[in-house]
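I have placed the structure first, in the form of structure tokens, so that the comments after it can refer back to it.
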Protein chains: 2
Amino acid sequence: MQIQIDMENPEPMYAQLVRQVKEAVKQKAIQPGDALPSIRQLANDLELNSKTVAKAYSLLERDQVIQTRGYRGTFVHPEARSHCNTDVATEIRGALKKTLDAMRNAGATDSEIRIAFNELMNQTR
Amino acid sequence: MQIQIDMENPEPMYAQLVRQVKEAVKQKAIQPGDALPSIRQLANDLELNSKTVAKAYSLLERDQVIQTRGYRGTFVHPEARSHCNTDVATEIRGALKKTLDAMRNAGATDSEIRIAFNELMNQTR
DNA sequence: ATATGTACCATGTGTACGTCTGGTACATAT
DNA sequence: ATATGTACCAGACGTACACATGGTACATAT
């Protein structure tokens, strides 16, 4: 399993890491149940900050591509192959686009849409 | 009809102007059909840039509170009283909030939601 | 002691946007 | 000539955020 992080690439490092892990699962370079390097270990190997790797791992776990088991380490999720094609962010883009189109058709300014968006996002709720 | 613009107020000047015109219509300080000062005239009186007043007027016209008739000037819309309570931006907040809640419930990060939002907003379409 | 994932504190850099400003130009009609 | 609304060009300033970095601390279990 080869991971290459290009710091010149405009794609964020954590995103490169997420993408490459998913690709490795698809290409069966890593199998469900396989152990992954620890956050600190991988950060050291790739010469990244551990926080950057931790961010990628947390996203991979949310998408159920990996499983973290605390002190026992991190492993490829048993159902990783069926999950590595799903991206939560992409899944919902459709609904958001539909809403934004409706707002624009109603005559709302892009500026107003952005303001409304920011206000809703900043609510602690 | 009194218009007061407070430059120290965090509320944008154009927004103050829009709000105060709508309030004047509600309180019947100005009647449907009444002529409003021209953009340049009002900008001069309030010591604002004409672009700022023009922005407020364009929003007021979109909300059908005023009517601009080119060289003939600007007038209070005949149906202003029924329109001065409607705010396009507010009208649609509900749908947007619903969509955002759905995204969060699906596990999307606030960061991911913002990125998806910006990408959709920046599409020329 | 060592290692795991996780949580919190913080800083710096770059980008994007809102707001307001300024100038110029146009077609309209008086 | 004068005045109307409108459109385009541009810049400055402040704010908000994504990204990446740094450190410290915790409970967990070996």
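The values are calculated or read from the model by the stated rules, or taken from the named source; none is laboratory data. Just so you know, these numbers come straight off a predicted model, no measurement behind them. Note that each Cβ is placed from the backbone with ideal geometry, even for glycine, and that neighbours are counted across all protein chains shown.
Taking the numbered list (1) surrounded by 12 or more Cβ atoms within 10 Å (Cβ to Cβ); (2) modelled with pLDDT under 95 in turn, residue A:117 passes all entries but (2).
As a summary of the residue check, residue A:41 satisfies the conditions (1) farther than 22 Å from residue B:107 by Cβ; (2) modelled with pLDDT under 95; (3) of a type outside the set (A, V, I, L, M) except for the one numbered (2). A residue that is without any contact (Cβ under 8 Å) to a residue 60 or more places away in the chain and within 8 Å of DNA strand D (Cβ to nearest atom) occurs somewhere in the stretch A:16-32.
When you check residue A:108 against the structure, is it within 14 Å of another protein chain (Cβ to nearest Cβ) and either over 15 Å from the mean Cα position of the chain (by Cα) or at pLDDT 95 or above (or both), yes or no?
Numbers: within 14 Å of another protein chain (Cβ to nearest Cβ): yes; either over 15 Å from the mean Cα position of the chain (by Cα) or at pLDDT 95 or above (or both): yes.
Yes; evaluated as a whole, the condition is true for this residue.
How about the stretch A:65-90: which of its residues are part of a helix (DSSP H, G or I) and either touching a residue at least 12 places away in the same chain (Cβ under 8 Å) or surrounded by 14 or more Cβ atoms within 10 Å (Cβ to Cβ) (or both)? Talk me through it step by step, then tell me what you get.
Here is the first cut: in the stretch A:65-90, the residues part of a helix (DSSP H, G or I) are A:70-72, A:80-83, A:88-90.
A:80, A:81, A:83, A:88, A:89 - these are the residues of the stretch A:65-90 that are part of a helix (DSSP H, G or I) and either touching a residue at least 12 places away in the same chain (Cβ under 8 Å) or surrounded by 14 or more Cβ atoms within 10 Å (Cβ to Cβ) (or both).
Checked against (1) in contact with a helix residue (DSSP H, G or I) (Cβ under 8 Å, 6 or more places away or on another chain); (2) touching a residue at least 12 places away in the same chain (Cβ under 8 Å); (3) among the hydrophobic types (A, V, I, L, M, F, W, C), residue B:35 passes all but condition (1).
The rows are residues; the columns are (1) touching a helix residue (DSSP H, G or I) at 6+ places or on another chain (Cβ under 9 Å); (2) away from chain A (no Cβ under 13 Å).
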| site | (1), (2) |
| --- | --- |
| B:53 | yes, yes |
| B:56 | yes, no |
| B:62 | yes, no |
| B:79 | no, yes |
| B:83 | yes, no |
| B:90 | yes, no |
| B:96 | yes, no |
| B:113 | yes, no |
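Scanning the stretch B:55-97 for residues that are within 15 Å of DNA strand C (Cβ to nearest atom) and touching a Lys or Arg at 6+ places or on another chain (Cβ under 8 Å) yields a total of 2.
Scanning the stretch A:30-47 for residues that are under 20 Å from residue A:8 (Cβ atoms) and away from DNA strand C (no atom under 13 Å from the Cβ) returns A:46, A:47.
Just checking, does the stretch B:107-114 include any residue being closer than 24 Å to residue A:62 by Cα, among the charged types (D, E, K, R) and either within 11 Å of DNA strand C (Cβ to nearest atom) or part of a strand (DSSP E or B) (or both)? The answer is yes; a qualifying residue exists. For the residues A:67, A:4, the requirement of being more than 9 Å from every other protein chain (Cβ to nearest Cβ) and within 15 Å of DNA strand D (Cβ to nearest atom) singles out A:4.
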